[in-house]
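Please read the structure below before turning to the comments.
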Amino acid sequence: MRPTRRRFLAVVGAASLAGCLGDGEGGARSTPTDGGPTGTSTDAEVTRLEALSVGGSPGGRVPVREPGTPSLVDFFATWCAPCKPQMASLGTVRGAYGTDELHVASVTTETDRDAIRDFWLEYDGTWPVLLDPDLAATQSYSVKGVPTLVLLDGAGDVRWRHRGLAGEDTLRREVDEAVEG
């Protein structure tokens, strides 16, 4: 097991990696928000992380979420099997909206930049890939495993959260509602 994976598991307290989820449940879960803890903004100030300059990722410091714009945040790892097909759905959804309509960012806790670059190029990442080695965003958004998708409205409130591989139809529906709402 690589040190980055071990560190991630230590932080999220995962007892098992069933499907890479790390939540001990072994299956995908969607959580519509109901005004509870997942329905409130998690970051008073917008967290900015270093983005790798690769593919469609611009490099520099990029916000995890874009204030005033719905944001789809994808937490992933290069070693996570379900994260690979998730990239195609994210690319399709990302391509359906302008950057002023939807901000998309993928976040990884990994530190092997070459592995991240290779993954990003292989799976055609066309949006920012952000590095979170100190787990600032991972902890802020209560990520318990990968893949995890967090959809925020323009105010930063969590509208939808999904652990595991999300179907493209579900992802499109949730993003459509956030953009139109």
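For this structure, a couple of remarks:
- Within the range 91-118, the only residue that satisfies the criterion of being crowded, with 20+ Cβ neighbours inside 10 Å and in contact with a Gly (Cβ under 8 Å, 6 or more places away or on another chain) is Ser106.
- Meets criteria (closer than 15 Å to Val64 by Cβ and among the hydroxyl-bearing types (Ser, Thr, Tyr)) for Thr126: no
- Filtering the range 129-165 to residues that are assigned to a loop (DSSP other than H, G, I, E, B) and surrounded by 24 or more Cβ atoms within 10 Å (Cβ to Cβ) leaves Val143, Gly145, Val146, Pro147.
- Residue check for Gln86: in a helix (DSSP H, G or I) and buried (at least 19 other Cβ atoms within 10 Å of the Cβ): yes
- Residue identified as farther than 18 Å from Ala51 by Cβ and in contact with a Lys or Arg (Cβ under 9 Å, 6 or more places away or on another chain) among Glu110, Glu168, Glu177, Glu101: Glu177
- Residue among Ala88, Ala105, Ala81, Ala96 that is touching a Phe, Trp or Tyr at 6+ places or on another chain (Cβ under 7 Å), of a type in the set (Gly, Ala, Ser) and at pLDDT 95 or above: Ala105
- Ile116, sole failed condition from (1) within 21 Å of Leu52 (Cβ to Cβ); (2) touching a residue at least 60 places away in the same chain (Cβ under 8 Å); (3) part of a loop (DSSP other than H, G, I, E, B): (3)
- Scope the range 74-105; condition under 17 Å from Leu135 (Cβ atoms) and touching a Leu at 6+ places or on another chain (Cβ under 7 Å); matching residues: Asp74, Ala105
- Close pairs from the range 87-106: first farther than 9 Å from Trp127 by Cα, partner among the basic types (Lys, Arg), Cβ under 8 Å, at least 6 apart: Thr92/Arg172; Val93/Arg172; Ala96/Arg172; Leu102/Arg94
The values are calculated or read from the model by the stated rules, or taken from the named source; none is laboratory data. Just so it is clear, the structure is predicted and the values come from calculations on it, not from any experiment. When we count neighbours, we look across all protein chains shown, and the Cβ atoms used for this are built from the backbone with ideal geometry, even at glycine.
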